[in-house]
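Structure first, commentary second.
Just so it is clear, none of the values below were taken in a lab; they were calculated from the coordinates. In this text, all values refer to a predicted model and were calculated from it rather than measured experimentally. Glycine gets a Cβ as well: all are built from the backbone with ideal geometry, and neighbour counts include every protein chain shown.
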């Protein structure tokens, strides 16, 4: 009895091609690590691999932390979130490539991180994908009420109420 998937992407000529590409990339990464290790030594090679993993984890963590605030800001400003999804996906992929050991995946991950983005850092006073003064959300005029708020200020009405039907 044959067990497995039939008709999926892992079967047929496409699956074979993908498997061959994966093996070639893995072999290139192993050879690259070996060559770099021969040139700079084992301690620096291990330091590089560990630093790349730490950087990759931090990139993924930061991308995940920034995403909800940026998505909410994009939706509040009535903007399509496709640029945000592309930039966040690119950061996740860069983080994964940095975690995967090897010089080629690290270079590709760093190139993805260096890819210019129109998205500024997430900020409550800034629109998620604009640049310039028209994208800045201005606070209301007057003093900052949060800093001077005292009990009884604002629009809170204290008292009792009774529901009449």
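Structural remarks
- Longest to shortest principal axis, alpha-carbon extents of segment 1-116, angstrom: 51, 50, 24
- Calculated FRET efficiency for the pair residue 83/residue 25, C-beta based, R₀ 30 Å, to 0.05: 0.55
- Using bins of 5 Å that start at zero, the share of Cα-Cα pairs per bin across segment 62-120 amounts to 4, 20, 26, 21, 14, 8, 5, 2, 0, in whole %.
- Ranking of 66, 165, 106 by count of other Cβ atoms within 10 Å, fewest first: 165, 66, 106
- For 92, 34, the sequence from fewest to most other C-beta atoms within 10 Å is 34, 92.
- Ranked for footprinting exposure by Cβ neighbours inside 10 Å, fewest first, 88, 16 give 16, 88.
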